[in-house]
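Working notes, beginning with the structure itself.
Derivation of every value follows stated rules applied to the coordinates shown; laboratory data play no part. Given the structure is predicted, the values throughout are model-derived calculations rather than measurements. We place every Cβ from the backbone using ideal geometry, glycine too, and count neighbours over all the protein chains shown.
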2 protein chains.
Amino acid sequence: MTETIPPRAPRPARGPSMADVAERAGVSTQTVSRVANGLTNVEPATRDRVLQAMQVLGYRPNKAARALRSGRFRNIGITMFTLSTYGNMRTLDGITVAAAAAGYSITLVPVRDPTQEAVSSAFTNLVEQAVDGIILLIEAHLVDNSEVELPPGLPVVVVDSGARADYPVVDNDQTEGARLATQHLLDLGHDTVWHVAGPEGSYPASRRHESWRDTLQAHGRAVPPLFRGDWTAASGHALGLEIAHRPEITAVFAANDAMALGIMSALHESGRRIPQDVSIVGFDDMAESDSFWPPLTTVHQDFDLVGQRSIEILLEEIEHAPIVPVRSIVPVRLVLRASTGTPPHAP
Amino acid sequence: MTETIPPRAPRPARGPSMADVAERAGVSTQTVSRVANGLTNVEPATRDRVLQAMQVLGYRPNKAARALRSGRFRNIGITMFTLSTYGNMRTLDGITVAAAAAGYSITLVPVRDPTQEAVSSAFTNLVEQAVDGIILLIEAHLVDNSEVELPPGLPVVVVDSGARADYPVVDNDQTEGARLATQHLLDLGHDTVWHVAGPEGSYPASRRHESWRDTLQAHGRAVPPLFRGDWTAASGHALGLEIAHRPEITAVFAANDAMALGIMSALHESGRRIPQDVSIVGFDDMAESDSFWPPLTTVHQDFDLVGQRSIEILLEEIEHAPIVPVRSIVPVRLVLRASTGTPPHAP
DNA sequence: GGCTTGCATGTTTACGTCAACATGCTAGTC
DNA sequence: GACTAGCATGTTGACGTAAACATGCAAGCC
């Protein structure tokens with residue numbers, strides 16, 4: 001007697017198809033299709049029969065078949081490094097909401113780390129995804145240098161104004177934000193402003209850095225050496241300890257709120273008062289910045305609008321195809337709170 | 001003479017298909033398929049010709065056709081309210097990374113707001129997505145009460161231990177976390193511990209609340225009235241102002257770090273010292289908590305592990321089909337920092 | 001009554017891929 | 001030399017849907 005080992009469940013049955021619904025309702029698949037798509041030229045009685053059959057069988061349309069037929073997926077790919085920075089997270093949130101409102105879904109394609117290799121591998125991955133378009137939330141220069149080319153016909157929007165001119169771009173006004181921050185500190189009477197920048201390869205980091213430098217130069221002020229962080233509060237803290245030891249530093253512009261938080265923490269630890277001894281400005285306006293101690297003066301970015309614009313432009317490209325490399329810069333504004341004040345020896 | 005208005009580009013040509021590649025390489029589509037799938041039984045010379053043709057034409061496999069053929073999408077749907085809470089964001093991050101490692105992509109299905117109606121509408125949406133399984137990052141009770149049923153055959157994992165027993169569950173150990181926090185404050189010598197809870201409908205919020213209460217009762221301590229926040233730092237700040245006016249409050253357990261931050265900010269404002277006058281414990285261990293002022297004692301959650309476990313269990317269900325409602329509780333640990341200390345009048 | 005018109009419904013076909021089966025060539029065996 | 005085994009490659013068909021085209025019936029018109 002032979003023991004028959006049951007074959008490892010060869011994949012549970014597929015769901016019911018239009019054919020099943022059609023059979024049960026006694027109509028053709030085409031009529032089912034018409035009901036499923038809400039076309040009007042169906043007898044109410046027939047429609048009801050079909051709807052009931054769908055209900056009973058638990059029919060749900062097969063998206064793959066639909067996509068195959070129509071050539072459209074109604075799905076957008078998003079490539080990004082990490083959700084762990086506030087800006088990325090909030091931008092993704094904005095994009096997701098805007099996409100959902102337009103009836104598109106979102107496929108996340110994570111990039112392990114900000115290296116050329118990881119980006120190329122993500123692109124390879126992306127190319128095989130069922131997407132109608134792509135939003136790149138990664139450092140543009142890595143896009144430009146990637147060996148893997150994005151498929152030519154595929155609509156792309158880049159959220160980083162450092163991108164090659166041939167893609168449409170959406171970004172916050174980094175330059176204006178850094179200018180506002182630096183100017184604000186100068187206006188308070190500080191001789192100059194020190195800067196804690198983001199990591200080297202980052203485009204927003206360099207934009208903020210350049211704009212800070214330009215603003216100082218425009219006012220004929222000394223441009224102090226740069227502090228280089230990596231966006232994290234921990235890096236801000238490490239640099240903050242150094243800042244605390246240098247009494248000549250009275251004004252610091254941090255390239256994001258998390259680093260500003262770390263700096264403030266180091267200053268507290270070292271017994272330096274904010275803003276009496278040192279003034280701090282951040283960048284992002286995180287939901288928590290208002291509850292930092294002291295509440296942080298910072299540059300507010302409208303991430304929801306960035307997400308919304310990105311989707312708008314991408315859908316325009318997808319649905320009407322004229323690939324015009326638009327450049328959409330979203331305005332920022334300075335939010336004044338308690339972390340900034342006049343310098344220690346001001347009149 | 002008739003002006004012919006060109007019809008609004010009826011959708012640019014589709015990308016090249018296997019047939020195009022086959023034609024160019026002078027082989028059959030099946031051979032192209034074999035090359036595309038890395039099968040070995042192809043003459044090296046033929047393979048090269050096919051690969052070159054793919055290269056030239058910029059061929060990328062059509063996922064919809066593949067999915068249609070195989071009945072699998074290699075895609076997982078994630079339903080969640082908002083990315084704006086630290087826990088959600090980090091869990092999503094963990095899930096995304098784990099899914100990518102397993103060769104699956106992620107489709108986000110946002111839920112506008114935590115109402116029954118929005119959840120039902122998201123489910124309707126979800127049902128039409130091309131997904132092989134679903135991870136629910138929403139309050140379980142809204143799932144249970146939804147009028148829209150999830151399709152019966154579809155594998156589901158819930159990240160919320162309040163879920164119905166018929167779905168597998170992954171969650172942080174909320175109960176143990178709240179116990180650790182409360183116990184720590186009692187051990188320091190505080191008579192009792194006050195609690196700032198999360199919003200009413202939230203399951204993690206009630207778990208933490210109940211465990212705090214149980215721990216106090218187990219030690220025969222008074223259970224003070226509850227403060228009710230909404231997870232945001234702003235709500236913490238508002239409640240913190242009240243706490244600051246009540247000198248009998250010496251120890252506070254906040255249900256998350258953001259609210260703890262808000263509370264501390266209000267205490268600073270009111271001139272109350274932390275931890276000399278009031279001790280605070282949070283929950284989450286945000287990346288920034290170490291840089292709060294003072295650095296926050298809090299309960300660390302391993303969100304990456306939650307994401308990883310969720311994917312593991314879901315893939316097991318998808319690929320091997322035995323739907324066993326597992327319950328996977330991820331351990332937490334207390335991180336001691338500077339926001340807690342002995343009570344004001346301790347010996 | 002013979003005709004068109006309009007509308008509900010049915011039939012056919014193609015979308016791109018890949019499993020299953022078919023073919024045909026080469027090399028090895030007696 | 002006849003036969004077989006093994007392997008590269010080709011052909012067919014099905015997955016579920018929807019556009020395009022076809023059918024067939026009833027109402028309206030002269």
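Of all DSSP beta bridges in the stretch B:202-347, what percent run antiparallel (nearest 5)? In the stretch B:202-347, approximately 30 percent of DSSP beta bridges are antiparallel ones. Computed from label points 7 Å out along Cα-Cβ, the spacing between B:Glu269 and B:Gln30 is 7.5 nm. For A:Glu128, what charge total do you get from the other residues with a beta carbon under 13 Å from its beta carbon, if Lys and Arg give +1 and Asp and Glu give -1? Within the 13 Å Cβ shell, the charges total +4. A cut-off of 5 Å between modelled amide H atoms, ignoring neighbours fewer than 5 places along the same chain, links A:Val157 with A:Ile134, A:Ile135, A:Leu136. The magnitude of the dipole of chain A, with charges of +1 and -1 set on the Cβ of Lys/Arg and Asp/Glu and taken from the Cα centre, is near 1140 debye. Among beta bridges identified by DSSP and lying wholly in chain A, the antiparallel ones come to about 10 percent. The relative contact order of the stretch B:15-54, computed from alpha carbon pairs under 8 Å that lie at least 6 residues apart in sequence, is 41 percent. When chain B is described by a simple charge dipole with +1 on each Lys and Arg Cβ and -1 on each Asp and Glu Cβ, the residue from B:Ser202, B:Ala99, B:Thr124 located farthest towards its positive end is B:Ala99. Over the stretch B:174-302, the hull volume per residue, using the convex hull of the C-alpha atoms, is 91 Å³.
Scan the stretch A:221-306 for GluC sites (Glu not before Pro) in coil per DSSP, keeping those whose Cβ has at most 11 other Cβ atoms within 10 Å, and list them by number.
Hits after loop and neighbour filter: A:Glu248.
For chain A, the spherically averaged projection of the C-alpha convex hull amounts to 27.0 nm².
The simple spin-label model puts a point 7 Å past each Cα toward its Cβ; for B:Ser70 and A:Gln52 those points are separated by 4.0 nm.
Most tightly packed first, judged by the mean number of other beta-carbon atoms within 10 Å of their residues, the peptides A:181-192, A:255-266, B:43-54 read A:255-266, A:181-192, B:43-54.
The Kirkwood hydrodynamic radius of the stretch B:16-157, based on inverse pair distances between different Cα atoms, is 17.7 Å. Spin-label model, A:His345 to A:Asp230: label points 7 Å out along the Cα-to-beta-carbon direction sit 3.7 nm apart. Between the C-alpha center of the stretch A:86-150 and that of the stretch B:52-103 there is a gap of 11 Å.
Per-residue mean of foreign Cβ neighbours for B:289-299 is 5 (Cβ atoms of other chains, 10 Å radius).
Of the residues A:Arg213, A:Arg333, A:Arg66, the one that moves most in a GNM of chain A with alpha-carbon contacts below 10 Å is A:Arg66. Taking every residue in B:80-93 and counting other chain Cβ atoms within 10 Å of its Cβ, the average works out to 3. Note on the stretch B:15-54: Cα convex hull, mean projected area over all directions, 2.4 nm².
Amide hydrogen proximity for A:Phe283: with H placed 1.01 Å from N in the peptide plane, the residues at 5 or more positions away or on another chain lying under 5 Å are A:Asn256, A:Asp257, A:Val299.
Between B:Ala222 and A:Asp191, how high is the FRET efficiency from 1/(1 + (r/R0)^6) when r is the Cβ-Cβ distance and R₀ = 45 Å? Nearest 0.05. After rounding to 0.05, the efficiency reads 0.20.
Between A:Arg246 and A:Ile329, the FRET efficiency estimated from the beta carbon spacing at R0 = 35 angstrom works out to 0.50. Of the peptides B:166-174, B:113-121, the ranking by mean beta-carbon count within 10 Å, highest at the top, reads B:166-174, B:113-121.
Put simply, the Cα atoms of the stretch B:249-325 extend 60, 23, 15 Å along their principal axes, the longest span coming first.
If R0 is taken as 35 Å, the Cβ-Cβ distance between B:Leu336 and A:Leu336 corresponds to a FRET efficiency of 0.45. For the stretch B:174-302, a crude dipole built from +1 on the beta carbon of Lys and Arg and -1 on the beta carbon of Asp and Glu, taken about the Cα centre, is about 360 debye to the nearest 20. The tail of the calculated P(r) for the protein assembly as shown, taken as Cα-Cα distances beyond 45 Å, holds 30 percent of the pairs. Scanning residues 5 or more positions from A:His195 or on other chains, those with amide H under 5 Å from its amide H are A:Phe227, A:Phe253, with H placed 1.01 Å from N in the peptide plane. Of B:Val169, B:Ser339, B:His184, which is farthest along the charge dipole of chain B in the positive direction, counting Lys and Arg as +1 and Asp and Glu as -1 at C-beta? Value computed over the given set: B:Val169.
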